Amino acid sequence: MASLAALPNLEVLKLRDNEFEGNAWILSDEDEFSQLKFLLVAEPRLVNWEAASVNFPNLQKLVLRKCIRLEEIPINIGEICTLEVIELICCSSSAENSAKEIQDEQESMGNSCLDIRVYADDDESSSLFDFWRAVLD
């Protein structure tokens, strides 16, 4: 995964089934996706994700889909000033809870712009997901 960070103009990154070796995605401060605006992670095996705001300084939308084993969204993701939406589709309750914690932290600092969307199944989110897929494909 770290080699992808060497793509300086990458704006959309979609990580789907079996993109990870093992069950972790651990980014160092040097792994910077400087122009990334949209990140989709659809990986049922992902358990541990370690990242910071420096990894995705221009991220606008984060979509987690079927991350049923993900323990938490990195709390520092909430520090990304451009982040507008975190969308969880069929994810673990612990991932949902961490998204809400990120939103609560942002609201306590006066930022009410971060929208958290949680969908229990793909049917609820399909029209929105299809819209974003059409826009970004």
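Structure data summary
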| item | result |
| --- | --- |
| Pick from segment 38-53, criterion assigned to a loop (DSSP other than H, G, I, E, B) and either modelled with pLDDT of 90 or more or of a type outside the set (D, E, K, R) (or both), ranking: most open to solvent (accessible area, probe 1.4 Å) | 45 |
| Residue within segment 92-103 that is in contact with a strand residue (DSSP E or B) (Cβ under 7 Å, 6 or more places away or on another chain), closer than 21 Å to residue 20 by Cβ and in a loop (DSSP other than H, G, I, E, B) present | no |
| Checklist (1) surrounded by 15 or more Cβ atoms within 10 Å (Cβ to Cβ); (2) more than 14 Å from the chain's Cα centre (by Cα); (3) at pLDDT below 90; (4) within 25 Å of residue 8 (Cβ to Cβ) applied to residue 35, failing item | (3) |
| Positions within segment 54-90 being of a type in the set (A, V, I, L, M), under 16 Å from residue 20 (Cβ atoms) and open to solvent by 40 Å² or more (accessible area, probe 1.4 Å), in sequence order | 68 |
| Contacts under 8 angstrom Cβ, first residue in segment 7-32 being over 15 Å from residue 47 (Cβ atoms) and modelled with pLDDT under 90, partner open to solvent by 90 Å² or more (accessible area, probe 1.4 Å) and outside any loop (DSSP other than H, G, I, E, B), 6 or more apart | none |
| Qualifying residues in segment 91-115 (those that are of a type in the set (A, V, I, L, M, F, W, C) and open to solvent by 30 Å² or more (accessible area, probe 1.4 Å)) - the one farthest from residue 35 (Cα to Cα) | 109 |
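The values are calculated or read from the model by the stated rules, or taken from the named source; none is laboratory data. Nothing here was measured: the structure is a model prediction, and the numbers come from that model. Reconstructed Cβ throughout: ideal geometry from the backbone, glycine too, with neighbour counts over all protein chains shown. Areas reflect the complete protein model, heavy atoms only, side chains present, ligands, DNA and RNA absent. Shrake-Rupley method; radii C 1.70, N 1.55, O 1.52, S 1.80 Å.
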